[in-house]
């Protein structure tokens, strides 16, 4: 189930082992991204690309204006 | 909702090829007047008078930028919808673009303000050319 969170909650989730995913294009991700974030561009996101994620851990997905 | 822009705007740590690069998303402010195309000119003019910017950004309900309504165009006696006097399709920038590049484009086009949007056109904020030049060094 997806839940919107605020910046303050992000660190708590990371401390719990959350995986942080930037879904912006590579050109947006490469210059600067949140610490530890991996890049899964939304336009390329499918089951195969998402397989890198551990389903047992929380996933925090973000773009420019949403977390 | 918060996102990468808010992270950058709070100067929180980042990783990447250019983690310290001054980019538009770190310089912009999100306090520009937003209005809908059908808002009345008099109402928008009043909002602009209370804002630090000489314009309002006209957006759709989901925040997608449609146009820019400069205060000079709102001085008319008409009290029709603001879309009647708005400038459709203003120049926009993505938040990850280097401030020097944004400032150079603004200077080249004789613009004072950069409107920062997501790649699908949703308004994130506004940056002045002065702030951009200050953040990146004079261009």
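When you restrict to C-alpha pairs under 8 Å that are six or more residues apart and normalise by the size of the stretch A:7-62, the relative contact order lands at 45 percent.
Compute for chain B: radius of gyration divided by Kirkwood radius, i.e. Rg/Rh, restricted to C-alpha atoms, rounded to two decimals.
On the way: Rg = 15.5 Å, Rh = 15.5 Å.
Using only Cα positions, Rg/Rh for chain B is 1.00.
Listed by Cβ neighbour count within 10 Å, with the fewest neighbours leading, B:93, B:55 appear as B:93, B:55. Of all DSSP-defined beta bridges confined to the protein assembly as shown, some 60% are antiparallel rather than parallel.
Other chains' Cβ within 10 Å of B:50-57 residues: what's the mean? Mind dumping the intermediate values first?
Values: counts 0, 0, 0, 0, 0, 0, 0, 0.
Average per residue, whole number: 0.
A helix-only calculation puts the protein assembly as shown at -6500 deg cm²/dmol for mean residue ellipticity at 222 nm, using -39500 (n - 2.57) for each DSSP H run of at least four residues, averaged over all residues. Normalising the average separation of contacting C-alpha pairs (under 8 angstrom, six or more residues apart) by the number of residues puts the relative contact order of chain B at 26 percent.
Shielding by partners for peptide A:32-43, expressed as the average number of C-beta atoms from other protein chains within 10 Å of each residue's C-beta, is 4. Ranked by how many other Cβ atoms sit within 10 Å of their own Cβ, fewest first, the residues B:29, B:10 fall in the order B:10, B:29. Size of the stretch B:1-64: Rg and Dmax of its alpha carbons, in Å, are 15.5, 47.
So between residue B:134 and residue B:91, what do we pick up on full extension, going 0.36 nm a residue minus the alpha carbon distance?
Answer, rounded to one decimal: 13.4 nm.
Across the alpha-carbon atoms of chain A, the computed radius of gyration and Dmax are 11.5, 31 angstrom. Cβ crowding within 10 Å, taken as a proxy for footprinting-reagent exposure, orders A:29, A:62 from fewest neighbours to most as A:29, A:62.
Take each residue of peptide B:93-102, count the partner chain Cβ atoms within 10 Å of its Cβ, and average: the result is 2. Computed over the alpha-carbon pairs of the protein assembly as shown, the distance histogram in 5 Å steps reads 1, 7, 14, 17, 17, 14, 11, 8, 6, 3, 1, 0, 0 percent, short to long. Annotation: peptides B:79-90, B:122-133, A:2-13, ranked by per-residue average of other Cβ atoms within 10 Å with the highest first, follow the order B:122-133, B:79-90, A:2-13.
Only the coordinates and a few stated rules stand behind these numbers; no lab work does. Computed from a predicted model, the values in this text were never measured in an experiment. Using ideal geometry, Cβ is built from the backbone for each residue, glycine included, and neighbour counts are taken over all protein chains shown.
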